[in-house]
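Presented below is the structure to which this report refers.
The values are calculated or read from the model by the stated rules, or taken from the named source; none is laboratory data. Values in this document were obtained by computation on a predicted structure and should not be read as measured data. Just the protein is used for accessible areas: all its heavy atoms, side chains included, with ligands, DNA and RNA removed. Shrake-Rupley method; radii C 1.70, N 1.55, O 1.52, S 1.80 Å.
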Amino acid sequence: MALVPYDENLVPALSKLHQTSAEFHLANHRIRLSQDWNRLGVAAVVWDAAVVLCMFLEMGKVDLKGKRVIELGAGTGLVGIVAALLGANVTITDREPALEFLAANVRENIPPSQQGAVQVSELTWGENLHLYPTGSFDLILGADIVYLEETFPALLQTLEHLSSENTVVVLSCRIRYERDERFLVELRQRFSVQEVHYDSQRDIHVYRAVKNTANTEL
C-alpha cells in the first residue's frame, strides 16, 4: 500500500526525496537506489523509517541468517535488500504498479550469488492472501507503512494472516497523528507489542509484535 502520490508543492522541505537516486552504506555494501517520486509518489523514495529499520537490523538484534522474511509496502526495497544482504531469504512486496521499479533496485544491489534468496512479489493488503500461506515467514518487516487510516484494516488483516504464533513482526514508523496511535491500539488487540528501539534524531519508533496465541484460531 506504499503506492500513494503526494503533491510536491505541499512538501517543499522534502526536496531530497525528488532526487533520482539515494545512496547508503549498509550491511557492508554500497547500496544505490533509484527514486521516482513523479511516477510512483511515496512508493519510490526512501523514508527515514526504512533507514532506521535497516540500522536496527544491522545491530544484530533480529536473527536473519537463513530466516524466511517478507517485507510489506517495500517501495524502493531498501529494507528487504538489507535483510537479504544480512543472510535472510526475502520476499519483497508492494502493489503491482511498483514491482518493475522495485525489481530493478533489487537486481542492482543484490550480488548475483544471492539473487536466488530474493523474490519480488505483488501483495495488495487484504487481497489474495491465500497466495501467502500462514506460517510461511519467520519475520515480517514494514517501514513507514502506518500512515493511511483507510488502509489500516487491510494491513491488520494481512499481518494477522501472515503471522503464526512464531512469526515476529517488526514495524518502523513515525507516529504523526492520533490515527497512528489508534493503529497501535488495534495492533495490540491482536498482537503482543513492544517498542524495541527509538531514533530520537529522526523521531522513528521500532516495534516488535508477536501474535497473541488466543487469537491464532480467529
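Bin all alpha-carbon pair distances of the range 11-211 at 5 Å intervals from 0 and give each bin's fraction as a whole percent.
Distribution as computed: 1, 8, 17, 22, 23, 17, 10, 3, 0 percent.
Over the range 11-211, with every protein chain in place, what whole percent of the accessible area is carbon and sulfur at 1.4 Å, could you tell me?
Result for the range 11-211: 45 percent of the exposed heavy-atom area is carbon or sulfur.
On average, how much accessible surface per residue is there in the range 11-211, in Å², for a 1.4 Å probe, leaving out ligands, DNA and RNA? List each step's numbers first, then the result.
Working: 8930 Å² over 201 residues.
It amounts to 44 Å² per residue over the range 11-211.
Which percent, nearest 5, of DSSP beta bridges in the range 11-211 are antiparallel?
55 percent
Mind checking the full-extension length gain between HIS161 and THR20? Use 0.36 nm per residue of separation minus the Cα-Cα distance, one decimal, nm.
So the chain would gain 47.2 nm between HIS161 and THR20.
Per q in 0.19 1/Å, what log10 I(q)/I(0) does a Debye calculation on the alpha-carbon atoms of the range 109-171 return?
Result of the Debye calculation: -0.82.
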